[in-house]
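In what follows, a single structure is set out as structure tokens and then discussed.
What follows draws every value from the coordinates through simple rules; no lab data is involved. What you see is a predicted model; the values in this text were computed from it and never measured. A quick note on method: Cβ atoms are made from the backbone with ideal geometry, for glycine too, and the neighbour counts reach across all protein chains shown.
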């Protein structure tokens, strides 16, 4: 999926966060100012897309956190469960450098994240992958990959069982 010379790796001190620009100030600001705090507090983990020939330059990034969805008990619940909350994995942020946009890199990064989620599900139980699209354009992007609205707010979900149909772990 992500092929040589590109790779995904955990955000590190050697990555140049200040140079990253995706065209959305909130996403740039998060990477440049807040992601380090969130990682130190164990609130999120950040992964970056880099070219191994320029490993300090961030071409894209995403964050993952644990989350839960309160069951409403009605027919709109995405998964049936006897528990009051459904465990979930939250893609908190996903962004691609503005110079790479429109070339399929966002799609590729999201597919990698979903593959990552499928692998993580073997070690930690969760039923849904959630996203909080930053705007309507982002919501449309996620909808093209099968994410559905969870409620009246912007949060969207994709069921893990649907992800697993696409991504299977090969070892």
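Data for the structure
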{"quantity": "Cα-based helix-to-principal-axis angle, 105-120 vs the chain, degrees rounded to 10", "calculated": "50 degrees"}
{"quantity": "Rg over Rh, two decimals, segment 89-141 (C-alpha only, Kirkwood Rh)", "calculated": "1.01"}
{"quantity": "Separation of alpha-carbon centers, segment 73-135 and segment 140-166, rounded to whole Å", "calculated": "7 Å"}
{"quantity": "Convex hull of Cα atoms in segment 1-67, direction-averaged projection (nm²)", "calculated": "5.0 nm²"}
{"quantity": "Over segment 8-52, relative contact order from alpha-carbon pairs under 8 Å, at least 6 apart, %", "calculated": "55 percent"}
{"quantity": "Sorted peptide list for 83-93, 49-59, criterion being average Cβ within 10 angstrom, highest first", "calculated": "83-93, 49-59"}
{"quantity": "Cα-only radius of gyration and Dmax that characterise segment 2-118, units Å", "calculated": "16.1, 52"}
